[in-house]
Amino acid sequence: MSSPLPRGEQKARVVRGLFDSISPRYDLVNRVMTFGMDIGWRRRAVRELHLPAGSRVFDLACGTGDLCREIERAGHLAYGFDFSFGMLANARTDAPVVQADILRLPIDDATADGVTCGFALRNVVSLPELFAEVARVLRPGGAVALLETSSPDNRVLRLGHRLYFEKAVPVIGGLLSDRDAYAYLPRSMAYLPPPEELLAMFRVEGFPSARRIQLSGGVAQLLVGVRG
Ligand SMILES: C[S@@+](CC[C@H](N)C(=O)[O-])C[C@H]1O[C@@H](n2cnc3c(N)ncnc32)[C@H](O)[C@@H]1O
């Protein structure tokens, strides 16, 4: 039987250590594991902000900077935040990046036009705290797009996706990087509440009209909203 998933401060330590260790080959494994679809998902996330060029967009849990690059590509000003030095050291972006906990950003209230976050919802210690922090740093009318992995609604697709995620991903991760880390990845999906609950949690923290978009048949999801 596998050990229980870590919680609280222990979870934060485990997640940070894990990303420090896999950071050198993080981008390569991502591309292989998603068959390159992650690039399109990030692009869509930035498009869904519907912000005019020149907007100030904070990318939370920026990792190696893929979303920062997409934000800049769309003509915005990107600023990245992540607590893993390893990921930041391997970042390939011209955007300024800051080592910080995204649950306690070193940023004044209402300073961002937009906020993005890619594949980190399941990694934070508290989702309501993250949503509240996003609401705090966004100006009223500012836009947010949160990207995360998901499970397809269709039963057959869900089974195929589960097999791929639980069996193939650790093998791919093991060949290219660190097997234990990539075995944790599918397990960490258990931190995510069911879609409706996740959306309700997000709406209540200052995004009343938020909606959920399924991507690539439901293997990824996007929560988009405007600060009320
Ligand atoms: C799966 S990676 C995603 C990186 C990037 N957003 C992307 O799209 O590839 C998750 C990132 O979340 C970061 N992270 C998790 N919890 C965090 C927290 N509380 N504060 C800052 N960064 C955090 C990790 O260090 C890691 O870089």
Only unsatisfied item for GLU72, checking (1) open to solvent by 40 Å² or more (accessible area, probe 1.4 Å); (2) assigned to a strand (DSSP E or B); (3) away from the ligand (no atom under 14 Å from the Cβ), is (2)
So the strands (runs of 3 or more DSSP E) completely within segment 136-228 holding 2 or more residues that are open to solvent by 60 Å² or more (accessible area, probe 1.4 Å) are 138-149, 211-215
Note on segment 28-66: residues within 27 Å of LEU175 (Cβ to Cβ), surrounded by 15 or more Cβ atoms within 10 Å (Cβ to Cβ) and either near the ligand (Cβ under 8 Å from one of its atoms) or under 14 Å from the mean Cα position of the chain (by Cα) (or both) are ASN30, ASP38, TRP41, ARG42, ALA61, CYS62, GLY63, THR64, GLY65, ASP66
When segment 88-133 is checked residue by residue, the ones that are within 9 Å of the ligand (Cβ to nearest atom) and of a type in the set (Phe, Trp, Tyr) are PHE119
So, first residue at positive phi and among the aromatic types (Phe, Trp, Tyr) in segment 81-109, second residue near the ligand (Cβ under 9 Å from one of its atoms) and modelled with pLDDT under 95, Cβ within less than 9 Å, six or more apart or across chains; the pairs are none
Reported set for segment 1-27 where residues are open to solvent by less than 20 Å² (accessible area, probe 1.4 Å) and of a type in the set (Val, Ile, Thr) is VAL15, ILE22
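The values are calculated or read from the model by the stated rules, or taken from the named source; none is laboratory data. Keep in mind it's a predicted model, so treat the numbers as computed, not measured. Ideal geometry is used to build each Cβ from the backbone, glycine not excepted, and the neighbour counts take in all protein chains shown. Calculation scope for accessible area: heavy atoms of the full protein, side chains included, ligands and nucleic acids excluded. Shrake-Rupley method; radii C 1.70, N 1.55, O 1.52, S 1.80 Å.
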